[in-house]
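Quick one: this structure, given as structure tokens, is what I'll be asking you about.
The values are calculated or read from the model by the stated rules, or taken from the named source; none is laboratory data. This one's a predicted model, so the numbers in the text were calculated from it and none came from an experiment. Don't worry about glycine lacking a Cβ; one is built from the backbone with ideal geometry, like all the others, and counts go over all protein chains shown. Only protein heavy atoms, including side chains, enter the accessible area calculation; ligands, DNA and RNA are left aside. Shrake-Rupley method; radii C 1.70, N 1.55, O 1.52, S 1.80 Å.
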Amino acid sequence: MLDFILLWHQHQPRYRDPFAAGTRGVYRLPWVRLHALRDYFGMAARLWESPGMRCAVNLTPVLLDQLADYRAGCTDRLWELTRDAPTGLSAPRRLELLRDGFDADWERQVGIHPRYAELLERYGRLSGQLGELDLWRERADPRLNDFRARAAALPRRDIIDLAVWINLAWFPVELRRAGWVTPWGEELSVAGLIEKGRDFDAADIAELERVQARVLEAVLRLHRLLAETGRIELTATPYAHPILPLLIDSDLAIIDREGSVHPARYARPAEARRHIERGLAVLEHELGTRPRGWWPAEGSVGQCMIDPLADAGARWAATDEGVLESALGRKPTGKDLALPRLVHGEHGEWRLFFRDHALSDAIGFHYSRLNPEKAVGDLLWGLRQRYAEIERGCAMVILDGENAWGAYPDDGRDFLLRLYAELAAAEDIRPLTPGACLDGLDTDGVACPVLDGLPHASWIDEFGSAPGNDLGTWIGEPEENAAWDALRVLGERLDARGITPSSHPEVYDHLDAAQGSDWFWWYGTDQATAPKAEREFDRLFRDHLRAAWRAAGLEPPAELDRPIAGDYRVWTPSDGDVTILSRTRLFIQLDGDARRIVLHQPDGSSRELTPRPLGGVMGLPTCHRAEVGYVESGRYRLELDDRTYVLRVERSEAG
């Protein structure tokens, strides 16, 4: 009998503006709210509908704190645009709505709704153009005046409908199609708004807000019920989702990407322990439990973490099979993965599970293209093949429980319900929680093999680096190192002034937020995101640090007023000939395989560019990108696929 352990990881970094007062619009980005609607509620609802399923759920403490804010009445900027749309939005606010109003999967969330699809056809290109601009930067882009004039002329009806649809499309399919009755008898539905589809008014927005509030209230209640009935095991992550080995000692990171180096050493093990203890306190307050199982942020582990987690009562943790591969010096077999390994520190120990990388990625990236029957059949076949010779042991699948479902029909509902049902009915595979799996091993006297020398690594191998899982996604490139330097400078100043977590808790609250992994994921060139998202993440990181300095009664350094992530433009062949501003960091991005790119520069010189693979929100290689660098005014020519493209660079007002 093979024990199947499934762990859903739910996380968002702190999006709250550290300088905003009150409750309205204090969240700069809406992702906690939108993912709570579709994923945190929807995923829990499907587990409730599947009484034979057992799994683990990882709600990060920083996410739980933000959900509590929303339940207490806090809102984000996008919701304030929606709320104010019927009474009229200024031209700058219309630009913001147009820029962000299509932040959903265009095929599965937009195209299936006729009115939303109509708005995308009408304004999608404008939205993409606005996404390339910085609407709030000090150096005004000369194109903004034209965009504001265009936005002011748009029909009021389109603005209101767009403001509603960007929220309505994020409700789970259960509520969009008909309704869903909670275990406590409350019916939740937005089906009436879906049926209306257009010409929304203030009353419709009020109804949307009412149902939204009930869904946000239901998220924690559902998870508590699932845990209390033994159907899920709630697990822990350090408070703000930091990469713990890097907080303990940044020199432990393997840096093996060309051009990357270690920053000045950052070694603050007490801060790592603070994230562990604070995370457990939040979980106990919000969910009524202090978990003994851990999914460390990004599966990041290392020998240096064993004692801190053991001291917090850890019984088990999990990481990726690539970490075991580094430890063994060879690719693990199913037999290698089937039992957790016992890891020892100087005085503590716990058991470490290893995630089946291929099967986890299959759910996250591939099965959305298959019908549910075929997808579930492939997953079960994969389990039976890789673990065919296992008489007693487990297979563990871990992935985001939020980012995959936009690519699935109906938010993945049919796939998940079929998966849960077939696992519950299987005679040779049984779904279990990690704790129940360990209980069974202990009861039967099954000894776990010992792993000596736990590598300092994560679930991912940094793109462009030497083979082998590592921590390079969060450290080593110039932007990443600049962020680590900013943390180090603040820490040194706090030490010099004798400012501690007990004397100045607000200072360390902001510092904790800045130490989250998410800001570092998007710094550098190894991961790709939209320019608007990277700019906002950069601002949030620097503002969390600025807030910490000010809470300590200190003047923030001037470096925090300047972006760490450079202003940049990503060119793709579909853009054709374009005009951009000087002093812009230019990248050439290609879908599919890398191809030869030759750049002819204004001074007559030429050079060949080498595209590198890079990942997206969930780390899978999504495209190839080559960096041109910061461009100055003049005429550039690109040779690609037997075509020549012209890039004209105009002098910006600042240069």
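If r is the Cβ-Cβ distance from TRP106 to ASP439 and R0 is 41 Å, what FRET efficiency results, to the nearest 0.05?
Efficiency computed from Cβ-Cβ geometry: 0.35.
A further question on this structure: Which entry in [x] 0.96; [y] 1.33; [z] 1.27 is this structure's computed Cα Rg over 2.2 N^0.38 Å?
Of the listed options [x] 0.96; [y] 1.33; [z] 1.27, [x] comes from this structure.
So how many Å³ per residue does the convex hull of the Cα atoms of the stretch 1-132 work out to?
Roughly 169 Å³ of hull volume per residue.
Pop out the ³J(HN,Hα) list for the stretch 120-133 in order, Karplus 6.51 cos²θ - 1.76 cosθ + 1.60 with θ = phi - 60°, rounded to Hz; leave Gly and Pro as x.
Each residue of the stretch 120-133 in turn: 5, 4, 7, 10, x, 5, 4, 4, x, 5, 5, x, 7, 9 Hz.
Another one. Please quote Rg/Rh for the stretch 205-324 to two decimal places, taking the Kirkwood radius as Rh and restricting both calculations to Cα atoms.
1.10
I would also like to ask the following. Taking the alpha-carbon distance from LYS335 and a cut-off under 28 Å, which lysines remain once sequence neighbours fewer than 8 residues away in the same chain are dropped?
LYS374
Another question, then. Keeping all protein chains in place, calculate the accessible area per residue for the chain (probe 1.4 angstrom), answer in Å².
38
Mean separation of Cα pairs under 8 Å and 6+ residues apart, divided by the residue count of the stretch 210-302: what relative contact order is that in percent?
Worked out over the stretch 210-302, it gives 38 percent.
How large is the accessible surface of SER465 in square angstrom, using a 1.4 angstrom probe and rounding to the nearest 10?
About 20 Å², rounded to the nearest 10.
Which ³J(HN,Hα) values in Hz, rounded to whole numbers, follow from the phi angles of the stretch 570-579 under the Karplus curve 6.51 cos²θ - 1.76 cosθ + 1.60, where θ = phi - 60° and Gly and Pro get x?
Each residue of the stretch 570-579 in turn: 9, 9, 10, x, 5, 6, x, 6, 9, 10 Hz.
Could you work out the relative contact order of the chain, using alpha carbon pairs under 8 angstrom and six or more residues apart, expressed as a whole percent?
Contact order relative to length: 16 percent.
Right, something else. By how many nm would the segment from GLU559 to THR610 grow when fully extended, if each residue of separation counts as 0.36 nm and the alpha-carbon distance is taken off?
15.2 nm
Okay, next question. Considering the dipole of the chain built from charges on the beta carbon (Lys and Arg +1, Asp and Glu -1) around the Cα centre, which of GLY393, GLN12, ALA327 is farthest to its positive end?
GLN12
For the stretch 139-283, what is one quarter of the convex hull surface built on the Cα atoms, given in nm²?
For the stretch 139-283, averaging the hull's shadow over all directions gives 16.2 nm².
When only Cα pairs under 8 Å and 6 or more residues apart are kept, what is the percent relative contact order across the stretch 1-158?
24
How many angstrom lie between the Cα centre of the stretch 1-45 and the Cα centre of the stretch 85-111?
With the stretch 1-45 and the stretch 85-111 each reduced to a Cα centre, they are spaced 21 Å.
Pull up the cross-link candidates among the aspartates and glutamates for LYS196, meaning alpha carbon to alpha carbon under 13 Å and not fewer than 8 places away within one chain.
ASP161, ASP204, GLU207
Using a probe of 1.4 angstrom, how much of the accessible area of the stretch 468-578 is carbon and sulfur, in percent?
50
Let me ask something else. Take the Cβ-Cβ distance between ASP201 and GLU277 as r, set R0 to 56 Å, and report the resulting FRET efficiency rounded to the nearest 0.05.
That gives a FRET efficiency of 0.70.
Quick one: accessible surface of HIS624, probe radius 1.4 Å, all protein chains present, in square angstrom to the nearest 10.
40
Sticking with this one: List the lysines whose alpha-carbon lies under 18 Å from that of LYS331, not counting same-chain residues fewer than 8 positions away?
Cα-Cα hits under 18 Å: none found.
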